[in-house]
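The values are calculated or read from the model by the stated rules, or taken from the named source; none is laboratory data. Source: prediction; values computed, not measured. Glycine also receives a Cβ, built like all others from the backbone with ideal geometry; neighbour counts cover every protein chain displayed. The protein model used for the area step is the full one, side chains on, heavy atoms only, and it has no ligands, DNA or RNA in it. Shrake-Rupley method; radii C 1.70, N 1.55, O 1.52, S 1.80 Å.
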Amino acid sequence: MFQRMKPTKNNEEPLKDSFERRIDYLRISITDKCNLRCIYCMPPGGLKFFKEKDVLTDDEILRFVRIARSHGLRKVRITGGEPLMRKDIISLVSSIKKTGIRDLSITSNGIKLSKMAGPLKQAGLDRVNISLDTLDAGRYKAITKGGDINKVWESIKEAERVGLTPVKINVVPIHGINDDEILSFASLTFDKNYHIRFIEFMPATCNGIWKKDKCISSEDLKKKISALGRLEHLKFRGKGPSRNYRIKGAAGVIGFISPLSDHFCGLCNRLRLTADGKIRPCLFSSIKVDIKTPMRNGASDDEIDKLLCEAVKVKPQRHLLNEDITSAGHLRAMSEIGG
Ligand code: SAM
Ligand code: SF4
């Protein structure tokens, strides 16, 4: 089992951005590589991936987490690409947890998770989000360009068994792809405490499939799901972007993440760290602050701390997707930034 370590320094000021939002959540992309090619995320032929030497090492990731932890970082999500493609993932999870992170989770496509769920739990992982956009095996293969849905279900069951709970299932609803399965996904919550999270389809430009009329707004989803029973609004827990509901009498939760139709920027508490060592204060902004080059050039912790504070200061107040969809033009592939 894991043991807590003290952060580098204590009693630092908590990170607050220029709009008084407290920043205490870091999403770390630990690789841009992936074993799937989901049609809404990556081009079918894949991308030109980062060279191994350009990806942050465990020590560099940990150093950054410790520095952010000294400012009150509480929550870390590990993502990618597919985070379970990284060889040292179990020890990395264990080391991140030991810095004292309260809530440590992973977003995974679930292909490799069934065998790793137990060791990840042992290493200190608290929870897992698993991406699954259809309940049909043939369609899953088509959406992911070859994935085996049985492996994902094995992972969901194993995650439940070892206590990586509540298991959250991320679904990106897209007109003409999986819009006929909204009710089937929502119905999964009747008997099981799954958290089904519908994420609005976002404009990643690398594969040219995004079109506004393919997006399904959270409002439309809610109306559709209301046919199954009354949707009871659940109070926000934490400051995540998901607006959460329960169908009356159901065991699980249905969450709606609406970056396009109802942006949640006022509540945003997060920063992103890309696999190649750039802090991205906002998914939809091209602003990035490089920490890898200074780290490799011998920067002190104080210098890295200053870069962190600078990235927080320049975090935009809100994204402009609703006014100008091309403002996300830099968002080539979600796998590059971590979704
Ligand atoms: N490979 C892991 C997975 O699929 O769960 C983690 C990385 S993936 C980039 C993180 C999340 O981003 C997934 O839940 C995925 O469905 C979501 N995502 C990818 N492309 C998206 C898009 N264009 N719009 C909305 N969500 C997207
Ligand atoms: Fe890979 Fe996740 Fe992107 Fe699918 S959504 S291609 S699993 S990174």
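Rounded to whole numbers, the Karplus 3J(HN,Hα) couplings from phi for region 107-114 are 9, 9, 7, x, 5, 9, 6, 4 Hz, using 6.51 cos²θ - 1.76 cosθ + 1.60 with θ = phi - 60°, and x at Gly and Pro. Taking all protein chains together and rolling a 1.4 Å probe, Leu188 ends up with roughly 40 Å² accessible. Take the Cα radius of gyration of region 1-160 and divide it by 2.2 N^0.38 Å, N being the number of residues; the result is 1.12.
Glu310 exposes around 90 Å² of accessible area when a 1.4 Å probe is run over every protein chain in place.
Note on the chain: dipole from Cβ charges, positive end direction compared against Ser131, Ala117, Ile78; the farthest Cα belongs to Ala117. Summarising the label geometry, the points placed 7 Å from Cα in the beta-carbon direction at Glu310 and Ala251 lie 5.1 nm from one another. Heavy-atom accessible area, probed at 1.4 angstrom with all protein chains present, ranks Arg230, Arg77, Arg243 as Arg230, Arg243, Arg77, highest first.
Candidate cross-link partners of Lys121 among the aspartates and glutamates, defined by an alpha-carbon separation under 13 Å and a same-chain spacing of 8 or more, comprise Asp103, Glu158, Glu160. In region 58-205, taking the dipole from charged Cβ atoms about the Cα centre, the farthest positive-side position among Thr165, Gly147, Val65 is held by Val65. Put Asp59, Asp305 in order of accessible area, highest first, and with a 1.4 Å probe you get Asp59, Asp305. With K and R counted +1 and D and E -1, the other residues having a Cβ less than 11 Å from that of Glu219 yield a net charge of +1. Every helix of 4 or more DSSP H residues in the chain counts as -39500 (n - 2.57), and over all residues that averages to -7500 deg cm²/dmol at 222 nm. Placing unit charges on the Cβ atoms only, positive for Lys and Arg and negative for Asp and Glu, gives region 3-337 a dipole magnitude near 640 debye about its Cα centre.
Sorted largest first by accessible area at a 1.4 angstrom probe radius, with every protein chain in place, the residues His71, His175 fall in the order His175, His71. Dividing the C-alpha radius of gyration of the chain by 2.2 N^0.38 Å, with N its residue count, gives 0.95. Model label points for Lys212 and His233, set 7 angstrom from Cα along the Cα-to-Cβ axis, are 2.7 nm apart. By the rule of a C-alpha distance below 20 Å, with chain neighbours fewer than 8 residues away ignored, the lysines paired with Lys51 are Lys33, Lys87, Lys278, Lys288, Lys292. Summing charges over neighbours of Lys51, with a neighbour being any other residue whose Cβ is under 11 Å away from its Cβ, gives -2 when K and R count +1 and D and E count -1. Take Arg197: with every protein chain present and a 1.4 Å probe, its accessible area is about 40 Å². At R0 = 56 Å, how high is the FRET efficiency between Lys16 and Ser184 if r is their beta carbon distance? Nearest 0.05 is fine. My answer for the efficiency is 0.85.
Take every DSSP beta bridge whose two residues both sit in the chain; close to 30 percent of them are antiparallel.
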